[in-house]
Each structure stands twice: as structure tokens, then as C-alpha cells.
1. Restricting to region 148-159, count the residues that are away from the ligand (no atom under 11 Å from the Cβ) and in contact with a helix residue (DSSP H, G or I) (Cβ under 9 Å, 6 or more places away or on another chain).
2. If only one of 170, 259 is surrounded by fewer than 22 Cβ atoms within 10 Å (Cβ to Cβ), more than 30 Å from residue 58 (Cβ to Cβ) and either of a type outside the set (D, E, K, R) or assigned by TED's automatic domain parsing to the domain that holds residue 8 (or both), which one is it?
3. Filter region 309-323 for residues that are part of a strand (DSSP E or B) and surrounded by fewer than 24 Cβ atoms within 10 Å (Cβ to Cβ) and give the result.
4. In region 258-265, is there at least one residue being charged (D, E, K, R) and under 20 Å from the mean Cα position of the chain (by Cα)?
5. Scan the helices (runs of 4 or more DSSP H) fully inside region 22-97 and keep the ones with 3 or more residues being surrounded by 23 or more Cβ atoms within 10 Å (Cβ to Cβ) and away from the ligand (no atom under 16 Å from the Cβ).
6. For residues that are over 30 Å from residue 4 (Cα atoms) and of a type in the set (A, V, I, L, M, F, W, C), scanning just region 149-179, find the one that is nearest to the chain's Cα centre (by Cα).
7. Taking region 106-123 on its own, how many of its residues are surrounded by fewer than 18 Cβ atoms within 10 Å (Cβ to Cβ) and either in contact (Cβ under 8 Å) with a residue 60 or more places away in the chain or not aromatic (Phe, Trp, Tyr) (or both)?
Amino acid sequence: MTTRAVVKGIGHYLPERIVPNSEFEAKLDTSDEWIKARSGIERRHFVAEGQTTSDLATRAARAALADAGMQADDLDAIILATSTADLTFPAAATMVQANLGMTRGFAFDVQAVCAGFVFALANANGMILSGQAKRVMVIGAETFSRLMDWSDRSTSVLFGDGAGALILEAQEGSGDNTDRGILSSDLNSDGRHRDLLYVDGGVSTHSTGYLRMQGREVFRHAVEKLAQTAHAALDKVGLTGGDVAWIVPHQANLRIITATAQRMQVPMDRVVVTVQDHGNTSAASIPLALSVGRDRGQIKQGDLIVTEAIGGGLAWGAVVLRW
Ligand code: UT7
């Protein structure tokens, strides 16, 4: 028998304000056609004034608890993947913990930018396998609209805000790749590429800063590295693209999603795509896509899922799980 971290519930939250591509046409030298053709994005959600990442995360967490039929104090830990925490400290995860009325366990943030949710899932899995925690809420939540330079057409049209949350619970499995739960992960980073995607401010520079990206270069790395990491995670448990029911990719660009699926020899009707509605929500994009994919009736119990993501760092990785 082997301990597995099995999904018990999922939920998401998107802020009310929906911003179509046409809103950018009025302010920038851009067009709906360009944005759709180059990225696949048609609209995105933006937070309201005063709304924070922990607010979005709390709403997604409540939805996941309701889905699992659990109370906050049933959880041992909350791991929140974000690069847009409300404050420099404490961790936004502790704010979610307090908002939920959770009076036990522990909570902390993980920061691996767009790959954050994959890194957080792998961390949660490690804690469950080591016996540190039995039930872990893993959240991805972001307010990237706060990091936009609205005069930069090459970045400001791409990102959105949102949150998704998933609850993992320790269960006994047989130890082979037919088990439900997380089966493997593959994590990577290469700080030599840190200038390709970064925020030009931070605590030490007394500023919040704006997101800066060399899009074409990040694109090149993404197409190469995402299929590699997905294959590496599948290899660890003797599986291939042919075994995959759903790729649930980081939703940055439809062309990257399509190219990765092609390299994995998985047809697009087995890929969950939400980028048209959410834009790039960084660490929130995978849990949002998992939750929307489940709600659409695409993802069902027993399905083999591969999640893969890349972002600032560069940091990238993949998780293989059976729903
Ligand atoms: O989530 C983290 C990881 N991030 C990503 O995965 C993003 C990766 N990169 C991308 O998704 C794509 O590179 C972009 C969508 C950012 C850009 O698409 P691209 O096909 O790589 O375009 P490009 O950067 O090569 O730009 C092509 C042209 C340029 O004009 P010139 O130099 O050819 O005259 C840009 O100035 O498009 C221009 N351009 C725009 N035109 C209209 C850039 N942004 C815009 C815009 N509207 N919003």
C-alpha cells in the first residue's frame, strides 16, 4: 500500500468585471484580431478597486470546501501559489486561513510565478506522503492587473485576475499508476533566464513595479520546455501521451497550448482550454481550468490528467494525477 494525495474537492472564483479585447482598442494601438490571433484571448476578468488576492482565494477556497463537503478545520494546511500577495508579509495564505475561520494547522505562500500552482501541488503531495499533513488546500490566486503597465500593449492585453482551489486528502493506493491522486511531478528552474519575464520593482527597491516580458523568447522556451517536463513526469510512472485523458495546461497562449499538445501527440479535444475567457491568470490558471473543466463535464473521476506550466524564473514543471 502507498499513500496518495487524492483530489476531494475543487472550486474557483472570477471577479465580476469582464474586460473584452475591444476595451483595449480604445486605449492602445492594438486590435481584437491581433490579440485573438496571437494569444487566443478574447476577454479576461479584473478585480474591483480594493479587492485583493486573498479575497479571490478565500472565495475559491469556500467553493472547494463546499464541493468536498468539508469545514475549514478539517484542513491541516493551506498552500497558496501567488506572485501578487496582498502585502509583503504575512503570507496571503494566512489571510485565507483567518477568513475561513480555520484555527488550526498552518498556511504559507509559494512563489514560482505562472508555474506556482504546479510547485504548490508538488509541495502538498510531499507533505501528504511524508505524513506532515492529511488534508491540504492548494490554491492559485492572482491579481496580475495590479502589475500591468497600461501603456505597454505587448503585456497589458494578456493577463487577468482569478483564483482556483483544490483539496487533497491522504488515501491508501496500490502504488501503481492506476491509483487515484498525484502520481508524479517534475519541477525545474533556470535563473539565467530571469530577465525574460520579471517585475521591475520590489521591497528592496521601494516600488511595486510593472511586469516586463520578452514575449517571443518566453514563447520559444515554453514550446520547448512544456512538452519536455510533461513527458518527464509521465515517464516517471511509465505513462505516455496516449494514456492522457486531459492535458490541463497553464493558460498563457493558445498557440503554446496547441504546440505542446502536438508534441505530446494528444489531440486538442483532450485539452482543457480556458484562455479565451480568462487570459493569463498566472498561478491561478491551472486550478481555474481544472475547476471549469470539471464543471463543463470534461474531467471525470478516474481520468489521467497532466498539468504543465512555465513562467518567470524561468520556472517550469508538470504534475501527473488521476482525478
Ligand atoms: O505565463 C507566463 C509565460 N508567458 C507566456 O507564455 C507568453 C509567451 N509569449 C507569447 O504569448 C507571445 O510571444 C505574445 C502573445 C506575447 C506575442 O506574440 P508574438 O507572436 O510572439 O508577437 P511578437 O512579440 O513577435 O510581436 C509581433 C508584432 C511586433 O511588431 P513588429 O516588431 O513585428 O512590428 C509587436 O510590436 O506585434 C506587435 N505587438 C502588437 N500589435 C498589436 C505586440 N503587442 C501587440 C498588441 N497589438 N497588443
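1. Of region 148-159, the ones away from the ligand (no atom under 11 Å from the Cβ) are 148-151.
Next cut, in contact with a helix residue (DSSP H, G or I) (Cβ under 9 Å, 6 or more places away or on another chain) only: 148-150.
So the count comes out to 3.
2. 259 is the lone residue from the list that is surrounded by fewer than 22 Cβ atoms within 10 Å (Cβ to Cβ), more than 30 Å from residue 58 (Cβ to Cβ) and either of a type outside the set (D, E, K, R) or assigned by TED's automatic domain parsing to the domain that holds residue 8 (or both).
3. In the first step, residues of region 309-323 are kept if they are part of a strand (DSSP E or B); the result is 309-311, 315-322.
322 - this is the single residue of region 309-323 that is part of a strand (DSSP E or B) and surrounded by fewer than 24 Cβ atoms within 10 Å (Cβ to Cβ).
4. Initial filter on region 258-265 (charged (D, E, K, R)): 263.
If we keep only those that are under 20 Å from the mean Cα position of the chain (by Cα) too, we end up with none.
Looking through region 258-265, none of the residues is charged (D, E, K, R) and under 20 Å from the mean Cα position of the chain (by Cα).
5. Values: elements: 22-25, 32-39, 53-68.
Correct list: 53-68.
6. So in region 149-179, the residues over 30 Å from residue 4 (Cα atoms) come out as 149-161.
Then drop every residue that is not of a type in the set (A, V, I, L, M, F, W, C), which leaves 150, 157-159.
Numbers: 150: 24, 157: 19, 158: 15, 159: 13 Å.
In this case the residue turns out to be 159.
7. Qualifying residue count, region 106-123: 0.
Okay, residues lined up against (1) at positive phi; (2) within 13 Å of the ligand (Cβ to nearest atom); (3) not charged (D, E, K, R):
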site	(1), (2), (3)
173	no, no, yes
181	yes, no, yes
234	no, no, yes
246	no, no, yes
251	no, yes, yes
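The values are calculated or read from the model by the stated rules, or taken from the named source; none is laboratory data. Computed from a predicted structure; not experimentally measured. Here the Cβ is made from the backbone with ideal geometry for all residues, glycine too, and neighbour counts use every protein chain on show. Just so you know, the surface numbers come from the protein's heavy atoms only, side chains and all, with ligands and any DNA or RNA stripped out. Shrake-Rupley method; radii C 1.70, N 1.55, O 1.52, S 1.80 Å.
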